[in-house]
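Working notes for the structure below.
The values are calculated or read from the model by the stated rules, or taken from the named source; none is laboratory data. Model, not experiment: these values are computed from the prediction. Because the Cβ atoms are built from the backbone with ideal geometry, glycine has one as well, and the counts that use them run over all protein chains shown. Calculation scope for accessible area: heavy atoms of the full protein, side chains included, ligands and nucleic acids excluded. Shrake-Rupley method; radii C 1.70, N 1.55, O 1.52, S 1.80 Å.
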Amino acid sequence: MLKAFDSNVECVGILKGWKGFMENITIPLKIQDHDDLHTLGGTFLYTSRTNPFKKLQKAKSEEEKEKLKEEIAKDMAKKFEKLDIDALIAIGGDDTLGVANSMYKYGNANVIGCPKTIDNDLAGTDFTFGFWSAVQLASNTMDNLTTTARSHQRIFIVEIMGRDAGFLTMYSGISSGADIILVPETPFSFQNHVIDVLKRRVKAGHKYHIIACSEGAYPSDKSLENDFKTISKETIQQLPKDSFGNPLLNRLNISQILSKEINLREDLKEEFENNNANFECRDVVLGHTMRAGTPNSFDRILGLRLGLAAMKLVLNNDFGKMVALKGTKIKNVPLSEGSKKKYIDPKEDEVELRNLLIKIRYKSREI
Ligand code: F6P
């Protein structure tokens, strides 16, 4: 908006995401009301989980899907006239930007994508804005939880947002020194990655334990079959889906399941008692507290930089791009590439670090 105002470009805000776009709900944006917007969390434009392409889920073949997609995208491109806008900067995650990309691809609409999500799961950018603020919130909470975990000698399972991507859990878990970190990218073995680690930790003298667990983390099929008493493979298959067709993993309540399963393990209880430690597991769901408060400095500045780059693309009539952070520079990438999903790569150093951190915690005391 700073660049738009400086370039005499009039701005309107579309309320409630794609819902407002479809239903022509806009407000004029006056720079004097929003010149410190980067210091605020959330969005004054409101948001919704409306997916204009929802119909596609009912398509019976890939061919029908493509046809429908094209129809809807062309219809949406026509909305520009109704809304009286020349260009749209879509701000959001893979769902929001996926819609923007289809509008560009099929309807040749003047759209630019701006990557904003706490999940950091967009392929075209190193970081999305919102991510580091949420990492900090989760990390602070896990730091704080150690106080009560230590006093009561408890195991705490902390459930962290991020849907099917584990960046939030991995980064906040490493940052706060969590003792076990479970992410969706690699289905875990309850026996090897949780029970055995807890046993080794308690033998090594640790009396409390923090487990950082993604809301989307889930056990391997083998582990589901062998290690669980309270859920089965069907429990995961039967989860409801959101309007974009994503399984609602947070409905699984994985932290609650794991805490129940841990409390049921007599062998673990015995190991804790033999090592003179209390045995009790509790679960904490961070949920929306992770999307709370004001953004940190990194996100404020990243948001401003991405906004400036997006407006420059609009001024150059250079559409179908996503603005992105690459290293320390802001670059443009094709929206089709940028809006794809990104997951933790098991070969990356974060994974190696996590594994080292967890192993060294008990190994160093065993020697
Ligand atoms: O995509 C961002 C995110 O915060 C995810 O991490 C989380 O699963 C989801 O949104 C929660 O969405 P809602 O607030 O609509 O339940």
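Between Leu268, Leu258, Leu302, Leu313, the distinction of being assigned to a helix (DSSP H, G or I), surrounded by 14 or more Cβ atoms within 10 Å (Cβ to Cβ) and touching a Ser or Thr at 6+ places or on another chain (Cβ under 9 Å) belongs to Leu302 only. Going through Ser151, Ser133, Ser139, Ser172 one at a time, which residue ends up being open to solvent by 10 Å² or more (accessible area, probe 1.4 Å), modelled with pLDDT of 95 or more, farther than 22 Å from Leu45 by Cβ and of a type in the set (Gly, Ala, Ser)? That would be Ser151, the only listed residue that is open to solvent by 10 Å² or more (accessible area, probe 1.4 Å), modelled with pLDDT of 95 or more, farther than 22 Å from Leu45 by Cβ and of a type in the set (Gly, Ala, Ser). Among the numbered conditions (1) under 22 Å from Val183 (Cα atoms); (2) surrounded by 14 or more Cβ atoms within 10 Å (Cβ to Cβ); (3) under 19 Å from the mean Cα position of the chain (by Cα), the only one that Ser243 does not meet is (1). Say whether the condition of being outside any helix (DSSP H, G or I), on the phi < 0 side of the Ramachandran plot and surrounded by 14 or more Cβ atoms within 10 Å (Cβ to Cβ) is met by at least one residue in the range 231-238. Yes, the range 231-238 contains at least one residue that is outside any helix (DSSP H, G or I), on the phi < 0 side of the Ramachandran plot and surrounded by 14 or more Cβ atoms within 10 Å (Cβ to Cβ). When the range 36-89 is filtered for residues that are outside any helix (DSSP H, G or I), open to solvent by 90 Å² or more (accessible area, probe 1.4 Å) and of a type outside the set (Val, Ile, Thr), the ones remaining, listed by number, are Leu40, Tyr46, Arg49, Lys60, Asp84, Asp86.
As for the range 11-32, it holds at least one residue that is of a type in the set (Phe, Trp, Tyr), surrounded by 13 or more Cβ atoms within 10 Å (Cβ to Cβ) and at pLDDT 90 or above. For the range 213-230, a residue qualifies if it is of a type in the set (A, V, I, L, M) and outside any loop (DSSP other than H, G, I, E, B), and exactly one does: Leu224.
Residue-by-condition table, conditions (1) within 16 Å of the ligand (Cβ to nearest atom); (2) among the small types (Gly, Ala, Ser); (3) more than 16 Å from Ile155 (Cβ to Cβ):
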| residue | (1), (2), (3) |
| --- | --- |
| Leu224 | no, no, yes |
| Phe228 | no, no, yes |
| Asp242 | yes, no, yes |
| Ile254 | yes, no, no |
| Leu258 | no, no, no |
| Asn276 | no, no, no |
| Asp283 | no, no, no |
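Looking across the range 317-359, the residues that are part of a helix (DSSP H, G or I) and touching a residue at least 40 places away in the same chain (Cβ under 8 Å) come down to Leu335, Ser336, Glu337, Gly338, Glu350, Val351, Leu353, Arg354, Leu357, Ile358. Any residue at all in the range 151-159 that is within 16 Å of the ligand (Cβ to nearest atom) and in the same structural domain as Asn263 (by TED's automatic domain parsing)? Yes: one or more hits.
The set of residues from the range 93-130 being within 12 Å of the ligand (Cβ to nearest atom), under 16 Å from Asp299 (Cβ atoms), open to solvent by 10 Å² or more (accessible area, probe 1.4 Å) and not aliphatic (A, V, I, L, M) comprises Gly93, Lys116, Thr117, Asp119, Gly130. Residue count for the range 276-299 satisfying the condition of being part of a loop (DSSP other than H, G, I, E, B), open to solvent by less than 50 Å² (accessible area, probe 1.4 Å) and of a type in the set (Asp, Glu): 0. Here Pro334 passes the criteria (1) more than 23 Å from Val99 (Cβ to Cβ); (2) away from the ligand (no atom under 16 Å from the Cβ); (3) surrounded by fewer than 18 Cβ atoms within 10 Å (Cβ to Cβ) except the one numbered (1). The residue list Phe190, Phe228 contains one member that is under 25 Å from Asp345 (Cα atoms), of a type outside the set (Lys, Arg) and buried (at least 16 other Cβ atoms within 10 Å of the Cβ), which is Phe190. Scoring Asn253 on the criteria (1) at pLDDT below 95; (2) closer than 21 Å to Thr169 by Cβ; (3) not assigned by TED's automatic domain parsing to the domain that holds Ile195 leaves a single failure, condition (3). Taken over the range 154-169, residues that are under 23 Å from Glu271 (Cβ atoms) and open to solvent by 10 Å² or more (accessible area, probe 1.4 Å) amount to 2.
Residue count for the range 193-225, restricted to those that are open to solvent by less than 10 Å² (accessible area, probe 1.4 Å) and in contact (Cβ under 8 Å) with a residue 40 or more places away in the chain: 13.
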